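Remarks on the structure that follows.
Values quoted throughout were computed directly from the atomic coordinates according to the rules given, and no laboratory measurement underlies them. Predicted model only: the values in this text are computed from it and were never measured. All Cβ positions, glycine included, derive from the backbone under ideal geometry; neighbour counts span all protein chains shown.
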Amino acid sequence: MNKIAVITGATAGIGKACAEKFAANQYNLIITGRRNDRLSALQTDLEKRYHIVVLPLCFDVQDKQAVDTAFGNLPENWQSIDVLINNAGLALGRDSFEDADMADWETMLNTNVHGLLYVSRALLPYMLRAKKGHIINLGSIAGKEVYEKGNVYCASKFAVDAITKSMRVDLLKHNIKVTGIHPGAVETEFSLVRFKGDEKTAGSVYNGLTPLKAEDIADTIWYCASLPAHVCINDLVITCTQQAGTYYFHKNQ
Ligand code: NDP
Ligand code: 8X3
């Protein structure tokens, strides 16, 4: 029987690359996001190429009611969840504390923190019942070290780090693994979203760098998820070779 992974934010970037990786390894997938057309296209593509089954669920992780409706009554054959990848997230704006948009701050906290909590709590009962499971949370290097104008994005990812560590402790007795993945710069739609469609500014983030690719993170997540039952990676920071922290880059001239 195929294992099952739930991947939030599978319509782009790291989540989409994880869907590809887990599908290639014969997982059946529950994929989520707000863009239904992308979810449907991904479902069709993965089912055709890998002969697996994909259940697309379209909702906004900020909406607790929608999360509970989507996950509260999963069909019987989708309830044995082996892996949850809490990936849906975003940065909005890169402004100094006194100038930043309050609505951007609220969206980041509601998505990166509240969304992750809603999804985790909605799916945990299935893992508790099965006495097994693996929750993999996407934090960030921004959740390890703040940087100028990172303020609330950093705060949201520091929260993810703290939540991940406390989940690990509290879920220990239930045989549920918890892993925090903390990437540096990964070239996805992340910067385009952060800079609200400004392609030039978004592209400049990666100038002079060979940044991480979404597939690099998916490979790392797959490694963590496919270790033997007695092994758990708790916390992992990963950057491209030219990055050594939020401030240390060795860019090509
Ligand atoms: P992308 O913008 O490429 O993908 C983000 C995904 O999150 C999309 O599928 C998007 O789907 C989904 N998403 C965003 N908001 C919501 C929402 N409210 N409800 C449901 N889904 C949502 O970014 P990445 O792949 O780079 O980012 C994935 C995760 O990795 C994020 O948590 C990010 O913070 C983290 N990360 C990224 C880094 C980077 O440099 N790229 C570095 C470190 C961490 P849709 O729009 O369809 O809803
Ligand atoms: C994304 C990485 O450095 O842009 O989480 O905040 S960074």
ask   = What is the Cα centroid distance between the stretch 89-128 and the stretch 1-48, reported in whole angstrom?
value = 21
ask   = When each pair of different Cα atoms in the stretch 4-238 is counted once in the 1/r mean, what is the Kirkwood radius in angstroms, to one decimal?
value = 17.9
inquiry  = Filter LYS21/LYS213; LYS3/LYS173; LYS149/LYS196; LYS48/LYS213; LYS21/LYS173 down to the pairs with a C-alpha to C-alpha distance above 18 Å, please.
reply    = LYS3/LYS173; LYS48/LYS213; LYS21/LYS173
ask   = How would you rank ARG194, ARG34, going from fewest to most other Cβ atoms within 10 Å of each one's own Cβ?
value = ARG34, ARG194
key: Sites ASN234 and ASP60, calculated FRET efficiency, Cβ-Cβ separation with R0 51 Å, nearest 0.05   = 0.95
inquiry  = Order these by the 10 Å Cβ neighbour count, fewest first: PHE97, PHE71, PHE190, PHE22.
reply    = PHE97, PHE190, PHE71, PHE22
key: Surrounding net charge for GLY143, when Lys and Arg each add one and Asp and Glu each subtract one, Cβ distance under 14 Å   = 0
inquiry  = Please give the charge dipole size of the stretch 4-238, origin at the Cα centre, charges +1 on K and R Cβ atoms and -1 on D and E Cβ atoms. Round to the nearest 20 debye.
reply    = 800
Candidate aspartates and glutamates for bridging to LYS16, where Cα separation is under 17 Å - those fewer than 8 sequence places away on the same chain excluded = ASP37, ASP45, GLU47, ASP60, GLU187, GLU189, GLU215, ASP216, ASP219
key: Ellipticity estimate at 222 nm from DSSP helix runs (n ≥ 4, -39,500 (n - 2.57)) divided over the chain, nearest 500   = -12000 deg cm²/dmol
task = Using only Cα atoms, locate the centre of the stretch 192-212 and the centre of the stretch 158-190, then give the distance between them in Å, rounded to an integer.
result = 25
